[in-house]
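Only the coordinates and a few stated rules stand behind these numbers; no lab work does. These numbers were taken from a predicted model, which means no experiment stands behind them. Here the Cβ is made from the backbone with ideal geometry for all residues, glycine too, and neighbour counts use every protein chain on show.
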Amino acid sequence: MEQNLECSALADQKSSTKNEKLVEAKNEEICQKIEHLKPLEKHFVINIQEDSYGHTYEKIFAPCFDEILTEVEAEDGFTWEYHQIRNFSLFCSTMLNNAKNLKKITLITKTARQVRQYYIQRKELESIEKNMASMGLEITIIFDEEIHDREFRFNNGWVVTIGRGLDIYKKPIEEVGSMKKFKPEMWPCRRTKIIGLYSPNSCNKS
């Protein structure tokens, strides 16, 4: 049984690495297109360096917040480790605190392959659903085993692609009594690229 779990974990790691390379390649392609965008079109590019600090979801998604925004669709296939689920919870809180008319967040992710991770994933995501519902924010979880992109779509026209999805922070080593765990700006980051594109034609104001 342990050997099977180890093999599964190794397979997940290889799959994750492969997916990250695919997304990085896609990001490079988008960057090339950005150079030819019309001056009036909105876009942003953020390059996060390895072990850098000060990168928060609030800063990253700041251009996406406005009064039009009511729904966000987060496509991130890796949301089953504790720290990844913590990141999604933080993402939801950030959206709720900065988009006053936000009503719904949909997470599209993959099912955890290991038994332990599966139960953690289901339990913790259900907890997030209940907590956010108590604050007036609907959370919908969709499991799709075929997804590979890590993309965040806002119904006010913004689409943000992140090479690592929400998993931009290094896996935390919890310290008893440490205040760092409450301050994302103090969390060391992993190297990744973030690309935001605005298309008014993709707005959904319904």
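Annotations
- Using the Karplus relation 6.51 cos²θ - 1.76 cosθ + 1.60 with θ = phi - 60°, the per-residue 3J(HN,Hα) values for the stretch 132-139 come to 5, 4, 5, 9, x, 10, 7, 10 Hz, with x marking Gly and Pro.
- In this rough spin-label picture, where each label sits 7 Å from Cα along the Cβ direction, the Arg113-Asp144 distance is 2.0 nm.
- Net charge of Cβ neighbours under 13 Å - reference Met95; Lys, Arg +1; Asp, Glu -1: -1
- Cut-off under 5 Å, modelled amide H: who pairs with Thr106 long-range: Val72, Glu73, Ala74, Thr140
- Here the Karplus relation 6.51 cos²θ - 1.76 cosθ + 1.60, evaluated at θ = phi - 60°, turns the backbone of the stretch 73-79 into coupling constants of 10, 9, 9, 8, x, 10, 9 Hz, with x for every Gly and Pro.
- Derived value for the stretch 36-108: Kirkwood hydrodynamic radius 14.1 Å. Basis is the mean of 1/r over every pair of different alpha-carbon atoms.
- Lysine pairs in the stretch 71-193 with Cα atoms under 18 Å, if 8 or more residues apart or on separate chains: 10
- Summed residue charge, Cβ within 15 Å of Phe65's Cβ, Lys/Arg positive, Asp/Glu negative: +1
- Charge sum, other residues only, whose C-beta stays under 15 Å from Gly54's C-beta, Lys/Arg counted +1 and Asp/Glu -1: +2
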